[in-house]
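Structure first, commentary second.
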Amino acid sequence: MGILEVKDVNKRFGGLQALGDVNLSVRENTVHAIIGPNGAGKSTLLNCLVGKLIPDTGSVMFDGQSVLGRKPYEINQMGISRVFQTPEIFADLSVFENMMIPLFAKRDGSFRLHAFEGVGSERGLTQEAEAMLDEVNMLEKRDFHAGALSRGDKRRLEMAMCLIQRPRLLLLDEPTAGMARADTNNTIDLLKTIKAKRDITMCIIEHDMHVVFSLADRITVLAQGTPLVEDTPENIKGHPKVKEAYLGEAA
Ligand SMILES: Nc1ncnc2c1ncn2[C@@H]1O[C@H](COP(=O)(O)OP(=O)(O)OP(=O)(O)O)[C@@H](O)[C@H]1O
Ligand SMILES: [Mg+2]
């Protein structure tokens with residue numbers, strides 16, 4: 001039994017079958033990559049895991065509990081955090097203020113932001129935020145305007161905002177998209193460090209095969225909304241179905 005169990009999930013958008021009979025089992029403390037061509041349904045699947053979309057049929061269980069029908073913040077409280085395909089940070093706030101948002105949200109028990117006033121006045125939270133920024137090598141940018149950060153730093157900040165919630169399952173939707181190679185390699189190293197330090201399961205969607213093969217323990221290949229194959233990176237590399245889905249890209 002995996003910590004995350006997706007069974008027979010279907011999702012249609014009008015006439016389009018975005019997900020068709022998706023089954024996925026993610027084992028605890030592993031990195032599970034989901035790969036597949038554009039439009040394969042990867043983000044749709046992630047949206048179903050975090051309450052942004054409700055599948056038409058099927059079940060999604062996290063640690064034995066259904067996530068379906070729960071609000072996104074409730075799923076978050078269950079221990080699932082997600083890094084979006086486009087970074088979701090508060091551009092008009094500083095890096096540090098962004099970090100305080102999930103901390104206040106957690107303390108407050110919801111994602112209402114009224115408790116945001118008085119940011120920085122609570123020493124414990126300040127230290128927690130700074131320690132997390134240090135862990136992702138962002139401490140020296142503590143007072144930078146978040147909107148002015150580079151794409152790589154925005155991603156790192158968003159990751160820190162997720163990790164400070166101490167998730168048991170971290171979902172990453174193309175964490176290195178649009179990054180320069182050096183930033184991509186930094187992200188790989190960062191995720192490896194985080195993985196080594198914590199009890200955390202990661203589910204990562206990624207087009208960059210260098211990232212996938214550097215991090216993944218298991219890989220699911222999705223094509224036209226349906227898993228083609230699930231296997232180890234070694235077995236996936238030369239798999240004929242993967243070559244077919246990727247036109248040789250992954251082979
Ligand atoms: N809200 C929506 N309404 C209608 N169609 C949608 C919606 N969201 C996604 N789709 C369609 O569902 C299919 C799967 O989209 P999805 O975003 O899940 O693909 P993806 O695998 O994440 O692709 P990419 O690699 O480009 O991010 C696509 O054909 C997309 O156009
Ligand atoms: Mg996507």
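The values are calculated or read from the model by the stated rules, or taken from the named source; none is laboratory data. All figures in this text were calculated on a predicted structure; none of them were measured in a lab. Using ideal geometry, Cβ is built from the backbone for each residue, glycine included, and neighbour counts are taken over all protein chains shown.
Values as computed for the structure displayed
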{"item": "Filtered residues of region 62-81 (kept if within 19 Å of the chain's Cα centre (by Cα), modelled with pLDDT of 90 or more and of a type outside the set (Asp, Glu))", "result": "PHE62, SER66, VAL67, LEU68, ARG70, ILE75, MET78, GLY79, ILE80, SER81"}
{"item": "Subset tally (residues that are within 16 Å of ligand 2 (Cβ to nearest atom) and assigned to a loop (DSSP other than H, G, I, E, B)) for region 3-60", "result": "9"}
{"item": "Whichever residue in region 203-240 is among the acidic types (Asp, Glu) and closer than 22 Å to LEU169 by Cα and, among such residues, is surrounded by the most Cβ atoms within 10 Å (Cβ to Cβ)", "result": "GLU206"}
{"item": "Among (1) within 13 Å of the chain's Cα centre (by Cα); (2) surrounded by 22 or more Cβ atoms within 10 Å (Cβ to Cβ); (3) at pLDDT 95 or above, the one test that LEU133 misses", "result": "(1)"}
{"item": "Pair list, Cβ < 7 Å and 6+ apart or interchain, from region 1-20 residues that are over 24 Å from ASN38 (Cβ atoms) to residues that are among the hydroxyl-bearing types (Ser, Thr, Tyr) and in a strand (DSSP E or B)", "result": "GLY2/SER25; ILE3/THR201; GLU5/SER25; LYS7/SER59; ASP8/THR57"}
{"item": "Qualifying residue in region 173-187 (condition: among the β-branched types (Val, Ile, Thr) and more than 18 Å from THR86 (Cα to Cα))", "result": "no"}
{"item": "Enumeration of residues in region 40-69 that are surrounded by fewer than 19 Cβ atoms within 10 Å (Cβ to Cβ), within 12 Å of ligand 1 (Cβ to nearest atom) and in contact (Cβ under 8 Å) with a residue 40 or more places away in the chain", "result": "SER43, LEU53"}
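Residues checked against (1) more than 16 Å from ligand 2 (Cβ to nearest atom); (2) touching a residue at least 40 places away in the same chain (Cβ under 8 Å); (3) assigned by TED's automatic domain parsing to the domain that holds ASN29; (4) part of a strand (DSSP E or B):
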site: ILE194; (1), (2), (3), (4): yes, yes, yes, no
site: ASP199; (1), (2), (3), (4): yes, yes, yes, no
site: VAL212; (1), (2), (3), (4): no, yes, yes, no
site: ILE219; (1), (2), (3), (4): yes, yes, yes, yes
